[in-house]
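These notes are about the structure you will find just below.
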Amino acid sequence: MSRVAVVTGASRGIGRAIAEALAAQGWQVIGLARHATQLPGIDMRVCDVTDRTAIADAFAAIPHVDLLVNNAGAAGGAVFGSAEELAGWDGILESNLTASYLCAAAVRDKLPDDTGRIVNIASVLGLRGVPDQLAYTAAKHGVVGLTKALALALAPRRITVNAICPGWVDTAMAQARFRELGISAKDAAAGTPTGRITTPQEIAALVLYLASAAAGNLTGQALGVDGGATL
């Protein structure tokens, strides 16, 4: 019987790469996304993770989960103290942090002891800060803290919980941020110690490892994948 993975924000970017990598390894993948999307080999379902009722309904329809990947989230930059920043604050925390908690709570009793896994996609901004993304930085720091607390809460059942903290990744979200900063992907790569940015497939590969038996005693960690940018 195939293992079941639920990936939020699975329609594009990192989430899509994760869903596709899991499906290629024989997982039964249920992808949740805000808008209706079709991906070959993946059971895509509509779920807006900022809607608590939608989360409850989505997971009520899934009887068993071996792996939850909390990937959905929204970013946003604004001047500290501005009306724009305040207007976006609740939505950014809801989509990144609160949704990760609610999805984890929804699968708690569906995960098997010993082999159950939760992987939260955080960010390097869960490890450091930037002055124009206060809400996103706070949310991703919260995801890292949530990861550590959940790891302890589920440790007696030997269910592992880890966070991945990507730096620059070749996605549409990163391209939007490059435009905000007035830089190119080449500039971003030049500012990374390894001289390149990460691919979505590299993040997916780490998820596959964390879901494997080899990572069975690795829990509560925030793993940076940023080419050494946070060293």
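For region 167-212, give me every one of the helices (runs of 4 or more DSSP H) that falls completely inside it and has 2 or more residues that are basic (Lys, Arg).
Numbers: elements: 172-181, 185-190, 200-210.
Fully inside region 167-212 and qualifying: 172-181.
Could you list, in sequence order, the residues of region 17-33 that are crowded, with 21+ Cβ neighbours inside 10 Å and part of a loop (DSSP other than H, G, I, E, B)? Listed by number, the list holds a single entry, 27. Summed over region 185-226, residues that are under 12 Å from residue 169 (Cβ atoms) and touching a Phe, Trp or Tyr at 6+ places or on another chain (Cβ under 8 Å) total 7. Does region 132-153 contain any residue that is modelled with pLDDT under 95, under 18 Å from the mean Cα position of the chain (by Cα) and acidic (Asp, Glu)? Checked region 132-153: no residue is modelled with pLDDT under 95, under 18 Å from the mean Cα position of the chain (by Cα) and acidic (Asp, Glu).
Restricting attention to region 57-75 and to residues that are without any contact (Cβ under 8 Å) to a residue 60 or more places away in the chain and over 18 Å from the mean Cα position of the chain (by Cα), the residue that is most open to solvent (accessible area, probe 1.4 Å) turns out to be 63.
The residue that is surrounded by the fewest Cβ atoms within 10 Å (Cβ to Cβ), among those in region 34-56 that are in contact with a strand residue (DSSP E or B) (Cβ under 6 Å, 6 or more places away or on another chain) and outside any loop (DSSP other than H, G, I, E, B), is 43. The single condition among (1) open to solvent by less than 20 Å² (accessible area, probe 1.4 Å); (2) closer than 21 Å to residue 19 by Cβ; (3) assigned to a loop (DSSP other than H, G, I, E, B) that residue 78 does not satisfy is (2).
For region 1-16, give me each residue that is surrounded by fewer than 24 Cβ atoms within 10 Å (Cβ to Cβ) and closer than 17 Å to residue 199 by Cβ.
Looking only at region 1-16, we keep the residues that are surrounded by fewer than 24 Cβ atoms within 10 Å (Cβ to Cβ), and these are 1-4, 11-13, 16.
Scanning region 1-16 gives 12, 13, 16.
Only residues that are free of Cβ contacts under 8 Å to residues at least 12 places away in the same chain and either closer than 21 Å to residue 97 by Cβ or open to solvent by less than 10 Å² (accessible area, probe 1.4 Å) (or both) were counted across region 177-186, and they come to 1.
Which one is least open to solvent (accessible area, probe 1.4 Å), of the residues in region 134-168 that are without any contact (Cβ under 8 Å) to a residue 24 or more places away in the chain and either closer than 24 Å to residue 79 by Cα or of a type in the set (D, E, K, R) (or both)?
In the first step, residues of region 134-168 are kept if they are without any contact (Cβ under 8 Å) to a residue 24 or more places away in the chain; the result is 137, 141, 145, 149, 153, 156.
Narrowing the set further to residues that are either closer than 24 Å to residue 79 by Cα or of a type in the set (D, E, K, R) (or both) leaves 137, 141.
Values: 137: 18, 141: 80 Å².
Out of the qualifying residues, it is 137.
For region 192-205, a residue qualifies if it is surrounded by 14 or more Cβ atoms within 10 Å (Cβ to Cβ) and closer than 14 Å to residue 227 by Cα, and the qualifying residues are 192, 196, 197, 198, 199, 200, 202, 203.
The values are calculated or read from the model by the stated rules, or taken from the named source; none is laboratory data. Small disclaimer: the values here were computed from a predicted structure and weren't measured. Cβ sites come from the backbone with ideal geometry, for glycine too, and all protein chains shown count toward neighbours. Only protein heavy atoms, including side chains, enter the accessible area calculation; ligands, DNA and RNA are left aside. Shrake-Rupley method; radii C 1.70, N 1.55, O 1.52, S 1.80 Å.
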